[in-house]
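The values are calculated or read from the model by the stated rules, or taken from the named source; none is laboratory data. These numbers were taken from a predicted model, which means no experiment stands behind them. Positions of Cβ are backbone-derived with ideal geometry, glycine not excepted, and every protein chain shown enters the neighbour counts.
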Amino acid sequence: MKNSETKSYRVVGLMSGTSLDGLDIAYCLFWEENNKWRFKIPVAHTYDYPQIWKSRLRSAVSMSGQELVQLNNEYGRYLGELANTFILDNSLHPDLIASHGHTVFHQPEAGLTFQIGSGAEITAVTGITVVCDFRSQDVALGGQGAPLVPIGDKMLFGEFDFYLNLGGFSNISF
């Protein structure tokens, strides 16, 4: 938190989708003004995945436990390296990094979801606090773990009746 009195945050967000096209990184500013949350995205960039990462992420679902844990850590370090590049290239000073990770397995009806990209490894590489593991609690409480952003939609775009997410899997929240 940049300033607890004004409730403002400087956040680097990391997102990997099902398309495996690359890692989306955005620098987002959030602040509360007149009891309403506001935001600005001064800079964003997509880092294309090299073929080796596309292949490793695609094959994660069939890996052994040990291989998956190793991939989780290595992918976390890779995310940290890309985050550092983005931060340094844009002279940023984030308060935290928010990382969804990469979904390997998602079967909420069975109470199961798993994303890789160790937040601890991202922190080890960047030295910045990481917020991660966004889906697990919702799934543990009987939810679907998706869409991820309805609360953010409501807080940032409360004047709209519904929100359409056009990702690899599209969904509507209202």
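Worth a mention:
- Positions within the stretch 132-147 being surrounded by 17 or more Cβ atoms within 10 Å (Cβ to Cβ) and over 23 Å from V11 (Cβ atoms), in sequence order: V139
- Restricting the stretch 105-131 to residues that are modelled with pLDDT under 95 and among the hydrophobic types (A, V, I, L, M, F, W, C) leaves a set whose member that is surrounded by the most Cβ atoms within 10 Å (Cβ to Cβ) is F114.
- Residues in the stretch 74-104 that are among the polar types (S, T, N, Q) and modelled with pLDDT of 95 or more: N84, T85, N90, S91, S99.
- Of all the residues in the stretch 43-58, those that are assigned to a strand (DSSP E or B) and touching a residue at least 40 places away in the same chain (Cβ under 8 Å) number 2.
- When restricted to residues that are assigned to a helix (DSSP H, G or I) and exposed (fewer than 13 other Cβ atoms within 10 Å of the Cβ), the stretch 59-69 contains 5.
- Of residues in the stretch 77-95 being crowded, with 17+ Cβ neighbours inside 10 Å and hydrophobic (A, V, I, L, M, F, W, C), the one nearest to Q137 (Cα to Cα): L79
- Among (1) at negative phi; (2) in contact with a Lys or Arg (Cβ under 9 Å, 6 or more places away or on another chain); (3) of a type outside the set (V, I, T); (4) at pLDDT 75 or above, the one test that G145 misses: (1)
- Flag if A83 is part of a helix (DSSP H, G or I) and either farther than 28 Å from Y9 by Cα or polar (S, T, N, Q) (or both): no
- Selection count where residues are surrounded by 14 or more Cβ atoms within 10 Å (Cβ to Cβ), acidic (D, E) and assigned to a strand (DSSP E or B), scope the stretch 19-42: 1
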